[in-house]
Structures are given as C-alpha cells and as structure tokens.
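Okay, so here's the structure we're looking at.
The values are calculated or read from the model by the stated rules, or taken from the named source; none is laboratory data. Given the structure is predicted, the values throughout are model-derived calculations rather than measurements. Every residue, glycine as well, gets a Cβ built from its backbone with ideal geometry; the counts of neighbours run over all protein chains shown.
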2 protein chains.
Amino acid sequence: MALSLPIALDAMGGDFAPAAMVEGAVRAAQQGIPVTLVGRETEIKRELEKYEPSSLIDVVQASDVIGMDDHATDTRKNKNLSINVAINLLRQKKVSAVVAQGHTGATLVSALFGLGRLPGVERPAIVANFPNATGRVTLVDVGANADARASFMQGFALMGAAYSSVMFGKTDPSVGLLSIGEEEGKGNQLVLETFDLLKSTPGLNFYGNVEGRDIFKGTVDVVVTDGFTGNVVLKAAESEAKVLFGWVREALTGGNWLTKLGALLVRPALRGVAAKLDPAEYGAQPLLGVKGLVFIGHGSSDAKAVYSALSFAARAVEANLLEKTASKLEVLAQKLEKVDTA
Amino acid sequence: MALSLPIALDAMGGDFAPAAMVEGAVRAAQQGIPVTLVGRETEIKRELEKYEPSSLIDVVQASDVIGMDDHATDTRKNKNLSINVAINLLRQKKVSAVVAQGHTGATLVSALFGLGRLPGVERPAIVANFPNATGRVTLVDVGANADARASFMQGFALMGAAYSSVMFGKTDPSVGLLSIGEEEGKGNQLVLETFDLLKSTPGLNFYGNVEGRDIFKGTVDVVVTDGFTGNVVLKAAESEAKVLFGWVREALTGGNWLTKLGALLVRPALRGVAAKLDPAEYGAQPLLGVKGLVFIGHGSSDAKAVYSALSFAARAVEANLLEKTASKLEVLAQKLEKVDTA
C-alpha cells in the first residue's frame, strides 16, 4: 500500500497531544502510510526524536491550537490554528485526508468553511460504526447537527449508504430510520417527515423505521437519525460496553479460587470479545458531505487509536470514499439544481 | 406485607396473555399481594384452574382487547377493553394500581383520559431504571412524548426526582439533562430552553447537562430527556446488553476444552452479572403524572416479569409514590394556578 499523498494529522488536538499523535504517526509510517504532522514544530520534533527517523513523516508548522473551552466559531478567526492549517493542506491537495482528535466543533467549522459542501449536501454529518449481532452497523449523524430537518436527513441516508458500501463492501445497503416504533406513522415530527422523504428517494434501499434495539440486532446496514439522538446513543453504547465488561471482570476476579482459576482459563476467549468492542478499532469517524476526507477521533485517543484512525483514513482514500459519496449524492444535487433554476 | 386494595392486572395485554399474566398473578398472591385479573373471564379462569385457588385473586370481566395494530386513540371508543376496565377500577378506588403489558399507547390514552393529570402536570411521562456503575439511574421520559417542550421536561424532572427518592431512597436526587456536551449552551433547541427552566425550578437538585455516557457512569440519579431520545436509548441499551452477553456466552462455550472448563467455573459469577441486567428485575415502568399508579410492562413479559411488575407496583403503593409525586409537583401546580388566575 502506498498513498501518493500523505494524511494530515492535527498533532495538537486531543488529550494526549502531541505525544500520542506523534507515536501513532510513527506506527502508521512503519506500515507505509505517509503522514504530515501539523502543529508546533519544535514540540512535534522533540517527540519525533524519540523514534527512528522516517522519510514518510513530515511536519508543517502551525503556531496555535484551539482550546477545548473555545467556541467552535472562534476557529474562523485564526488561520494559524493547527486544524485550519491541516484543512488548508487538504484544500490545496497537498494531503489526501485530515485526521483530527481535538475540538469536534472546531473541526466541523474548519472543514465546512475551508472545504465547502459537496453538491446536494445541505448539512455534513458524522458517521460512526457499531459492532453488532450481524457484524457492523453504520449510524449517521452522531453529532454534527443537534437540530436536523427532514431534508438534512435525506442527505445523511445517502451518505451513510455510500459509506457502508465503500468501506464495508455492502451491496445496496439497507437504510433504516431510527424511531420509537416500527410502523410507518410512529415517531416524532422529524421522523414522520423524514419517512416520507426517504420513501421517495431514488437510489436508496429504504427499509422503513427501526427501533433502538435494531442497532445491535443488526436489522439494517445503516441507521439514520438526527445528530442529537445519534450522539447520545453513541456515547451511551460505548459507556455501557465499558461498564458491562467492568462487571464481568469484577465478577471473575472477585470470586473464590475456583472462579479465579476459571477466569484465567477463559481470559483469551474474553479478550476476543473485548477487542470487538474496542472503540479504537477504527479510531476515527468520517465527517461526510464536505469536499475532502476529514476524520474525527476521540479526544481521549491514545497512540493505538491515532494509528487506527490514520490507517482507516488511508483505506478510505484508497477506496475513493469521497468520489463515491459525491456520486451517491448526485440525485440530491440534481434536485437542488432544479430548485435553483426554477 | 398486606395491601388493603388489590392491584389490577390487564390479563389480556402482552405477547403471552393470558397464561403468563395468570401465572405471574398466582406467584404474586403467594407472596401476599392481592391481584384483580381483568379480561375475558372464561379464558382467565381456564388458566387459573391450573393452580391452587387463592383468596387473594379475583377476576373482573372485560369482553374486549385492544389489538397491537390498533391506534391508541381507538382506546377511547370502547369501554369494554380490558385496559379501560382496569383503569376504571383504579378511578373508582377499587384497586390501588394498574399493571398493563399490552399496547403502550392504549395504556397511555386510557390512563390520561380515565384518570386525568395530577395538578401541575402538562404531560405524563414513562420512567425507567437502568443498572449502572454506581447502582441505578432513573431515565424519564422513555416514550410517552415523542415530541416534548421545555415545560413538559420541567415536569419530567420533578417526577423523576420524586420517583428516585421514593422508590430508591435517594435523598435530594441529582437531576441531569441529557445533551451532547456537558457545558451549558451545548445541545439542541429543546435542551437549551429546558436548561434555563430547570436551573430556576425550586426544589430541584439540577446538576446541569449530562451526556449519553453518564447514564452508565452514574453521574446523576435522574436523567431527563424527551420521550423519543429516551425510548431509543432504553431499547438500544437493553439490546446491547443482550448482544454483549451473547458474545461472552459464545466465546466461553465455543472455545477449546480449557475455555469450556473455565466457563463452567465462572458460570456462577457471571450469573450474578446477568441477573443485574435482567430487564425483568422491575418488570414494569411507571407512568407518572396521572391521578393513579399505572405501570407499563414489556409486551414480551413472561410470568417472572409479570410477578416482578406486580411486586414493584405493590412497593410503590406502600411507599405512597403517587402522593409523594403529587407533592413534588406542587411547585408547578402553583405556577399554573398563577397563570390561570392572571
């Protein structure tokens, strides 16, 4: 695998920046993925000195960092923020994608204004994956739009379908609308309006309503929801898995000697289950709908998660996720064009 | 324990009615809980004949049942529906509470129109409990209101607090508002408006915003949200637990003989964890805000879940949940009175 252009990594964003970002980049380079570290050059180079030099890593200076307490809109005021410099490299086609683990709102704003939207997209959306009973489900939007409209959701559905088919090889992925009842007519106002729109969207394999339980049961390939509900579900699901596994661990280590012996014997088997649930599996979630590949990672990403994010981004570049998403959205672009020329 | 009035059980609602309902009632009676079975007398009596007769069980005839495919509003057209007969018994104070596992919307409509709202309540809400890292969290609303307003949510917060303190002995329970960021100002429009209202609600220990992850981390005693988000989270959480435990079971039974031996040894310890997660632990969730104690159970309830629901309802009657909820809501009742007389 060799990308012709490097992936830009915001080396200053995230709880463990820049150390975890640099270590993750070094690991990615060892796997042949070229990385451009964006941020304070001296700090980054001090970290880089800890590793063997690699021709696949370069550094681009950015003097400032957006603070986690800053407003997302502050991003527009300062060109020298690491996220803005990274997005600008993408706009200039000096990199093939951007990975950022910092302030999510800032990344959104920077990407939206620095790159612009793909034709047909009213609002970009963040896409996430869950492991579930039948493999994996794609959930969209998980936080870019706290308040959504039916027409935004139509775009989410198409973007989610494109993503599921490009990244996970699903042929004509089925798309469900998250609601509180399976039947048409169940849900809140937004769902009722969205249902009608999705039903009549060409090129969309619309399944109908799904419920919370269907996310894990694996009823559909893609679940569409507003960014508020999606974000709540994503964070609740990650936290639930952590708490449940904590209980399992506690039960196994806190028992009598027979339980402890049993725990030793089953440990390898349970490790496989834990790995399945590791949110670092992909490391980052794509922001779809902008003119460029942007991946948003957990603020708490460690080097392993950073490496996973870079490697997932590299896969997306190679699979032409951007072009294929744009082509799936053409049906909406044509509709908007018609409205514009009417 | 001896209740002076029986608990009415809709014997016709739920996937396994009337067999599971009758068996659950028999178990409850064995524990000293008087139960009035409401539904088709001949069908119920045929089931009852399978058990020792009990003076704590009686049957009230109701000739009709609401179908799962009927509209909730159809409930108002037929007095002879089992749910309407049960609610009517409660209105006439012939029973102390109603437990229903059938059509949730029908139960809502029947309770709302048959009993009326408590003073100060704009909208009743369904309350659920989750086991979590620090014990248990109360989530409200989990489905009564697909679209909510800030003023509804204020009522949810007070009802959730009353419930948490009465049923789980929490002193001045902390109440968090479910959002997509901890800071004030994060969330959708509904959350932003609700935040301001909750901040200034007397008698409410308002914590501020919480995120999806806080539900399982145990950050607060009560989490307030709209019925759409709450329902999605509830169903997703139950389903996730089931899928994760399925994986654990599979990993333990599918391995080599050492893993299988280990699985045998850890089985008792894991059974404790599974019990913690059993949605049948309480069996039913109260609908708060109406003038009477109404509990809504899973449609898929088996006899054990029916028994748990009856026993939980009996606890709520003895703990004066209704009166204490009404008194917590007085602050809203006074506010509404002021508006009415202005």
Check your understanding: Since A:Ser300 meets every condition but one in (1) within 14 Å of chain B (Cβ to nearest Cβ); (2) touching a strand residue (DSSP E or B) at 6+ places or on another chain (Cβ under 9 Å); (3) outside any helix (DSSP H, G or I), which condition does it not meet?
Key -> (2)
Point to revise | Selection status of A:Ala157, assigned to a loop (DSSP other than H, G, I, E, B) and either within 30 Å of A:Ser308 (Cα to Cα) or under 16 Å from the mean Cα position of the chain (by Cα) (or both) | key: no
Review point. In segment A:306-322, is there at least one residue being of a type in the set (Val, Ile, Thr) and more than 13 Å from the chain's Cα centre (by Cα)?
Key: yes
Exercise for review: Return the only residue of B:Ile87, B:Ile33 being assigned to a loop (DSSP other than H, G, I, E, B), closer than 23 Å to B:Glu318 by Cα, modelled with pLDDT of 95 or more and among the aliphatic types (A, V, I, L, M).
Suggested key: B:Ile33
Study note, to complete from the structure: The condition from (1) touching a helix residue (DSSP H, G or I) at 6+ places or on another chain (Cβ under 6 Å); (2) within 22 Å of A:Gly230 (Cβ to Cβ); (3) of a type in the set (Ser, Thr, Tyr) that A:Ser96 misses is numbered (2)
Study note, to complete from the structure: Across segment B:238-290, the tally of residues that are of a type in the set (A, V, I, L, M, F, W, C), within 30 Å of B:Lys328 (Cα to Cα) and without any contact (Cβ under 8 Å) to a residue 60 or more places away in the chain stands at 1
Check your understanding: Picking from B:Ala148, B:Ala161, which residue would you name as being buried (at least 20 other Cβ atoms within 10 Å of the Cβ), modelled with pLDDT of 95 or more, within 11 Å of chain A (Cβ to nearest Cβ) and within 24 Å of B:Val331 (Cα to Cα)?
Key -> B:Ala148
Exercise for review: Can you work out which of the residues in segment A:93-120 that are over 21 Å from A:Ser311 (Cα atoms) and among the small types (Gly, Ala, Ser) is surrounded by the most Cβ atoms within 10 Å (Cβ to Cβ)?
Suggested key: A:Ser110
